[in-house]
Amino acid sequence: MSPARFHLAILRSAALLVPEAQRADWLAEWRSELWHVRRDPHGVNVTAFCMGAFRDAFWLWRDDPSPDRDAFFAESPTRCLSWLAALGALCFAVALLLPAARHGLLYLQFPGNLVLLTSPDRNSSSISRKRFEALKAHYDGQFTGLVFCAPVRMPVDTPRGKRMLSVARTTPELFRLLNIPLARGNSGRPVVVLADDRWDLPASVDAWLIEDQSAIAALPAYTEGFAFGRLRYTSLRDTEFHFVRIAERSFELLPSLAIVLPMGMLLAILTSGLPGSHPRRVGPRRGLFLAAKILLVLPIVLFGSLDLASLGSSVSPVVVDIVFFGSLFVARWILADQRRRCPVCLRLLATRCAWASRREFFSNGTARNSCACAGMDYSMCRSGRPSGPDGSAGWISALPGAGSSLDATFLEKSGNGEIQFALLPVIGTNGGLAAKRGWMARWLFVLSILCAASAWPQAGGTDSEIQALQDRVKSAPGDYAGYDGLGSAYFQKARETGDITYYDLAERTLEKALALAPEDFRAADPLVHMASVYMGEHRFADALAYAQKAIGTGAGNLAAFAIEGDAYTDMGDYDEAEAAYNTLQALGRLASTPVMLAYMSDSRRAYLSYLRGDSAGAVRLMKSAIAAARRCNVPRENLAWLYFELGERYFQAGDLENADSAYQSGITADPNHYRSVAGLAKVRAAQGKFADSIKLYERSIAIIPFPVYVAELGDVYKKVGRVKEARQQYDLVEYIGHLSRLNQVLANRELALFYADEGIKLPEALELARKELEIRHDIYTWDTLAWVLYKNGRGQEAADAIDKALGLHTSDSLILFHAGMIYHSLAKDSDAETYLSRALTTNAHFHVFYAETASRTLQDIAESGNRDLRSSNAH
Amino acid sequence: MATELKLSHTAAMILKAIEAGHVYGFGVMEVTGLPSGTVYPAMRRLERDSLIRSRWEKQSIADAEQRPPRKYYTLTASGRTTLEAAEKRYPLLAKLVPAVVGPDA
């Protein structure tokens, strides 16, 4: 391969890592740079330059926010095998490129007791011909063959001109010793055999000049050379010479590794157990897949180890250790991978984090025929976040097995042949059943049931899941898990569409599930799901009650603790919320993986940190939650939600650039994430790009007409003087708020704020805010009440309410602005000035209108202060 | 915020190199002495953080010079601000990265 092609091949290989959307551009840039590098007059190492492309490509791959990146590796078994094959081929290619590795691979073995004789009194391994003759005379009977070769440097005519070559003069006896057949010319003239570096003989020569014995005997006595012989016996007796076995000098790589490799794999299997069998007939594909994986990792381990051990000038003996431990590692990976795959379709289960602990699963497991795989199953990792001031749906954690801390402890076949099993808790009041863990067959069974249990969220959408689960509950009306799944699916539908009628459906279905479920730990999942629905309906007290009931079952369901904390947060009991999250952390450390735990708890703790005024800490925790979510391969919507929350934290801190980036990441993760789209619209408005902002708000509202965003669009229209369109949006807000009873409940706070902002229906706004306060006492509800009271001209009451809203020292510009205006109305200009300044310092663009109002009011206060000063000076 | 972004010394060197007129990856490599595996990912990060922006050279210019078009990098306004802050932090930066004298400038 020419260097140019070789370098291009490096770039093209690296390009495979680059996200597809950027690949062509990336490759074009590197190819262009390569063109210039090749022509650089300073002699740049072009290969080293090209190798840097891998780092660049890897960075782009790692920085790619697209969830497809994880799915790329996660989904298909074919893809897994392709990658293994490619990696094996790469390791083999590298082994061929590395001289030491190639030597180890292609080494020519010399049979028998072939030795090199040396003098003990000399450092080098050469001896003189005179010594050789003495040796031959004395020990000839102990060798079946003994031969001398004398390397000399001589000029040789080659097609490329005269060159100095190292040529070893020897006899045909040498090749007989080496068992290498020679073709000799009929003329009997000497034959030159070109040297091959595979012959690991100490005489490193370019060519062998085969001559008659007489020619060698005619060499001067002091001629230095090497003496090779084959021992008749295993050792040389009574000798003044030392000998080194040529065979021992060589490293018998492949045979050694062929033994070590299976040993490592066997040990791995013994220590981690076989993948076991599946309780249902799943066909031979699974076994074939396992066998294919084993076959494909063999070259990876073999050649990869050889590559690692050959980085020096020769193959290090440590290669045996690398192979052994490498085989241990890959065997364990093979088994773990096998367990993480759906036994039916062999796709990876989406929730790797969930699989890290076998305790995180629960289901009743009666005959199920479907499975959920990567990109489809969002049951284990689903969770959402409250958006804080907008009063949207609260924390959501749904679906079978969400954080359940249960372990299968036995399974048996009932009389009618249907497979049944029972699950007992390992955490909680009935905990401590670890004795029978480690049965891989049972573990695999649990895996297969997980596939079945997580059936509902298919990639095609929630509708098909709902359809499948509806069929299931029709065919098995006594199956509480079916109703549980269906209820969760309805809830997901409500989340995705904003259609609140699904809340009612979810609630009724989950009630049915709870009625059918045994009154023990098995009821934990429906209870948790019901709590999630109540959170969505803003029935925080009910959500709290159900979460606590789920905790009380002793199932150790982590999601229950999470929802308990969420409910406390929305109800304004922040200390209780923190206690719940602390319990979640403590239990999570025992029953979950660090990644899963980070995903479940960090975004929640981020929100608490933000409320307590630690904006930097909140951003840090949100980033941690996002990193964990990406590793957990969570569904698009959840990832988008986390990015949206990060964007909110940045926006509230006035960091428009990072907010922009976070919202855009949210949109990339889920183009239909209406909150992220609206977040970006908010940033555009803050940047003064009102046309862009309007387009984005319209796009968000087209997905789901969320009242807060409709009102914000109205504000932007108003800002640019399009009063008619603004009015239409404001009318829409009111209309949405009055669509149904539940809408009113959900939109109490937003409507109250809206009325107050618009200065309309102020008594009604006060009533709504007070209603909301009955439901929750968080700082945003206090803030709403304060603002409505202020607009109703009840300044002192407003001040009392805003003090409660400011109780946690939250750095929210809107609350600070409300506080400033309230204190200004009470003629407490010093306080007003402080709060308004803080509002603008925190985020100079916090609101389309109020940011300007705050500046103006501060100016008024300053002018009024100056007037007072002048007046007092005049007196 | 970009203006408050604290750059590593390497990133600051690259930013300085671009400001000094070394407007493509290999040029930055040459002047900073950093390997390609460092320079290009760092430039991606800088571009992602909106401190630099890239543009492809016009095909006609490249054709006229019988070479492939190059991707050029320039500092954004926030990149310039960040570099000013970085220069205060790393006072020797300007000495490490000489300005271009020639066609790149």
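Remarks
- Residue match in region A:776-794 (condition: touching a Pro at 6+ places or on another chain (Cβ under 6 Å), among the aliphatic types (A, V, I, L, M) and in a helix (DSSP H, G or I)): no
- Counting the residues of region A:36-52 that are exposed (fewer than 15 other Cβ atoms within 10 Å of the Cβ) and assigned to a helix (DSSP H, G or I) gives 3.
- Any chance residue A:702 is among the small types (Gly, Ala, Ser), surrounded by fewer than 24 Cβ atoms within 10 Å (Cβ to Cβ) and closer than 22 Å to residue A:499 by Cβ: yes
- Scanning region A:539-586 for residues that are closer than 18 Å to residue A:808 by Cα, surrounded by fewer than 24 Cβ atoms within 10 Å (Cβ to Cβ) and of a type outside the set (Phe, Trp, Tyr) yields A:571, A:572, A:573, A:575, A:576, A:578, A:579.
- Screening the candidates A:653, A:686 for the property of being over 21 Å from residue A:713 (Cβ atoms), in contact (Cβ under 8 Å) with a residue 60 or more places away in the chain and crowded, with 20+ Cβ neighbours inside 10 Å yields one hit, A:653.
- One residue stands out among those in region A:634-659 that are within 14 Å of chain B (Cβ to nearest Cβ) and not in a helix (DSSP H, G or I): the one that is farthest from the chain's Cα centre (by Cα), which is A:654.
- Some residue of region B:4-11 being part of a loop (DSSP other than H, G, I, E, B), of a type in the set (Lys, Arg) and more than 10 Å from every other protein chain (Cβ to nearest Cβ): yes
- Counting the residues of region A:7-59 that are within 9 Å of chain B (Cβ to nearest Cβ) and touching a Phe, Trp or Tyr at 6+ places or on another chain (Cβ under 6 Å) gives 5.
- Residue, modelled with the lowest pLDDT, within region A:722-764, restricted to residues that are closer than 19 Å to residue A:777 by Cα and among the polar types (S, T, N, Q): A:744
- Region B:57-72 - residue that is touching a residue at least 12 places away in the same chain (Cβ under 8 Å) and not charged (D, E, K, R) and, of those, nearest to the other protein chains (Cβ to nearest Cβ): B:69
- Cβ separations smaller than 6 Å between residues 6+ apart or across chains give no pair from region A:42-54 residues that are more than 12 Å from residue A:30 (Cα to Cα) to residues that are among the small types (Gly, Ala, Ser).
- Those residues of region B:22-56 which are closer than 23 Å to residue A:46 by Cα, within 11 Å of chain A (Cβ to nearest Cβ) and assigned to a loop (DSSP other than H, G, I, E, B), in sequence order: B:24, B:34, B:35
The values are calculated or read from the model by the stated rules, or taken from the named source; none is laboratory data. Computed from a prediction, not measured in an experiment: that's the story for all the values here. In this analysis, Cβ positions are derived from the backbone assuming ideal geometry, glycine residues included, and neighbour counts consider all displayed protein chains.
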